[in-house]
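Written below as structure tokens is the structure these notes are about.
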Amino acid sequence: MTMKTYFGSTLSFTMRTWSSRWKVVTTRICLAYLLFGKKMALVPYDDSALWGTQKLHQSSSVYNFANRTIQIKQDWKQLGVAAVVWDAAVVLCTFLEMGGIDLQGRLVIELGAGTGLLGIVAALLGAHVTITDRKAALALLESNVGANVPTDLRTKAVVKELTWGQDLASFAPGGYDVILGADIVYLEETFGALLQTLDHLCSDQTVILLSCRLRYERDQNFLKMLKGLFAVHEVFYDSNHDVHIFKAQRNVRNRDL
Ligand SMILES: C[S@@+](CC[C@H](N)C(=O)[O-])C[C@H]1O[C@@H](n2cnc3c(N)ncnc32)[C@H](O)[C@@H]1O
């Protein structure tokens, strides 16, 4: 063995050892992080992404809103995005609970409700809510609503199928005071149908609240499309979760554009 080969293989052995030790160290730190939550200070890489993924894979998640503990069942493996609670829903629930809009006695519809957390909180805050999503999401949605809306409020939270752009005649045109949507702006192919649905459900007085993380350029494009039909203002930004809340209302002047 020449000196060059000897030093080369020693160096590569040392690097391999370091690399596997580093993997063990980082894995342990991550496990400790997962076990002990956000209190750990030393985190060698993007812990929030890891924690976020972990949250999505849990079979349930617990929240406190409207003086109640809300336990939401999740099922990422079976149903994917519709069966986990997204940060945008939690941020909009917080906004509603802080009095961002008065929901007492209001007729509310939630679009793309997923697990139903937002609609449940709206009902607990006094609204009459129609909580909607696609057919595949409805069983889990029903079960979460049943488990978290007390019997005396049960008539205030109705689960109904609504695939954007379809069978809109079964929803009263302009029939809602408030339309809620959390993290529903993400599929470009649905933007047209989503706008058509908002347009159908809105009267001149209806308030639309959409919470979203603006991940891609297409999400900004949706906002431009939304501004073609409605007057849109950002009313809140949660920098910890990178979630925006937009309020939209019928822009009467642009109605025929
Ligand atoms: C990212 S998830 C958000 C779920 C929930 N709002 C939350 O924030 O936790 C998007 C939701 O939009 C629903 N969705 C997607 N395309 C839809 C469509 N064309 N019609 C109705 N709902 C749709 C999905 O089923 C899913 O529940």
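With a cut-off of 9 Å between beta carbons, the residues surrounding residue 162 carry a summed charge of -1, where Lys and Arg count +1 and Asp and Glu -1. Gap in Å between the Cα centre of the stretch 187-218 and the Cα centre of the stretch 85-144? Taking the Cα centre of the stretch 187-218 as reference, the centre of the stretch 85-144 is 16 Å away. Taking a straight line from the alpha carbon of residue 55, these aspartates and glutamates sit under 18 Å away, with near neighbours fewer than eight places off in the same chain left out: 46, 47, 75, 87, 183, 242. If you take the square roots of the eigenvalues of the alpha-carbon gyration tensor of the stretch 68-254 and sort them as a ≥ b ≥ c, do you get rounded (a/c under 1.5), prolate (a/b over b/c) or oblate? It comes out rounded by the Cα gyration axes. If the limit is 32 Å between Cα atoms, which of 135/227; 77/227; 73/227; 156/224 go over it? Going by Cα-Cα distance, 77/227; 73/227; 156/224 fall outside the 32 Å limit.
Computed about the Cα centre, the dipole magnitude for the stretch 68-254 is approximately 140 debye when only Lys and Arg (+1) and Asp and Glu (-1) carry charge, each at its Cβ.
Taking every DSSP beta bridge with both residues inside the stretch 178-257, roughly what % is antiparallel (nearest 5)?
On the way: 13 of 18 bridges.
In the stretch 178-257, approximately 70 percent of DSSP beta bridges are antiparallel ones.
The numbers here are math on the coordinates, done by the rules we state, and not lab data. All of these numbers come straight from a predicted model, not from anything done at the bench. Ideal geometry is used to build each Cβ from the backbone, glycine not excepted, and the neighbour counts take in all protein chains shown.
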